[in-house]
Amino acid sequence: MGPLKTEAVVLRSIRYGEADRILHLYTLDQGRLSAIAKGSRRPNSRFGGRLEPFFRLRLDLHQGRSDLLTVTGAQTIAGHPRLRMSAAALDASTRACDAVGRLFETSEPHPAVFNLLCRELALLDAEPARATRGHALAFRLKLLVAAGLGPRLGECVACGRRAELSSFSGAAGGMVCSSCRTGARTGSPATVGGSFATGPQAHEFMVAALSRPLAEAPEAEPAALGQVERAISETLEHHAHVRLMPASAGR
């Protein structure tokens, strides 16, 4: 590969050997990468403290004989210092980075995902009080769309009916009407992909989260958020075979 310049977010930083770090990165134009920063833990390292998780950086990387890229230069674009002062924002940032790293684990570029993650970290840095379960779930719903797994919310995934959307099927990828869930409609299956009851507030939350900017993420009652999180989890487990950490520590 030779020299490579790219923007990146540090998803995770792991101590390695006596003075090095292994970095898990999500980059603008190379997807997820891993790199070693040699000597970065020494007191006089030229990298300083900028190779910590949640830093947005402009990196110089080099591909040598190792499977790992080598960090040869790093400039800070955003360090997000304020989110580190809030336990809730720090936890939310960790879960956001973990979700991106698990769901988008290849070197295929997804600029929309990179920009969404940068936006999430910037919002948590600017206003740590945003670190709520509702905000985290809105972020994950947008990740679903970026992964091509956006749920169908405006109509029944089985019959196309727009009324009485009362359950959700992760396997089928969206809302299911009452008739299709129970098999009351002629020709409908008894169940649609193991659908589960989803109340109006959960449905409204998902619609609002996907139609609004991340900065305007909605909130809802805990029971509704639990249904939303289950919808996201079952969609990911069925279609991407990925299981994420809970959206928040206070679920």
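The values are calculated or read from the model by the stated rules, or taken from the named source; none is laboratory data. These numbers come from a predicted model, not from an experiment. Note that we place each Cβ from the backbone using ideal geometry, even for glycine, and neighbour counts take in every protein chain shown.
Numbers at a glance
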| item | result |
| --- | --- |
| Selected residue (only one of Thr27, Thr70, Thr76 is touching a strand residue (DSSP E or B) at 6+ places or on another chain (Cβ under 7 Å) and modelled with pLDDT under 95) | Thr70 |
| Those residues of segment 22-36 which are without any contact (Cβ under 8 Å) to a residue 60 or more places away in the chain and more than 16 Å from Gly79 (Cβ to Cβ), in sequence order | Ile22, Ser34, Ala35, Ile36 |
| Only one of Asp29, Asp60 that is in contact with a helix residue (DSSP H, G or I) (Cβ under 8 Å, 6 or more places away or on another chain), of a type outside the set (A, V, I, L, M, F, W, C) and under 26 Å from Leu116 (Cα atoms) | Asp29 |
| Selection within segment 77-102 - under 13 Å from Cys118 (Cβ atoms) and free of Cβ contacts under 8 Å to residues at least 40 places away in the same chain | Gly79 |
| Inter-residue pairs, beta-carbon under 7 Å, first in the same structural domain as Leu141 (by TED's automatic domain parsing) and in segment 223-251, second buried (at least 19 other Cβ atoms within 10 Å of the Cβ) and of a type in the set (Ser, Thr, Tyr), 6+ apart | Gln227/Thr198; Ala231/Thr198 |
| So Arg56, is it modelled with pLDDT of 95 or more and more than 16 Å from Ser107 (Cα to Cα) | yes |
| Within segment 32-47, tally of residues that are surrounded by fewer than 16 Cβ atoms within 10 Å (Cβ to Cβ) and closer than 24 Å to Arg119 by Cα | 1 |
| Single match in Ser45, Ser40, Ser13, Ser34 (criterion: of a type in the set (S, T, N, Q) and touching a Gly at 6+ places or on another chain (Cβ under 8 Å)) | Ser45 |
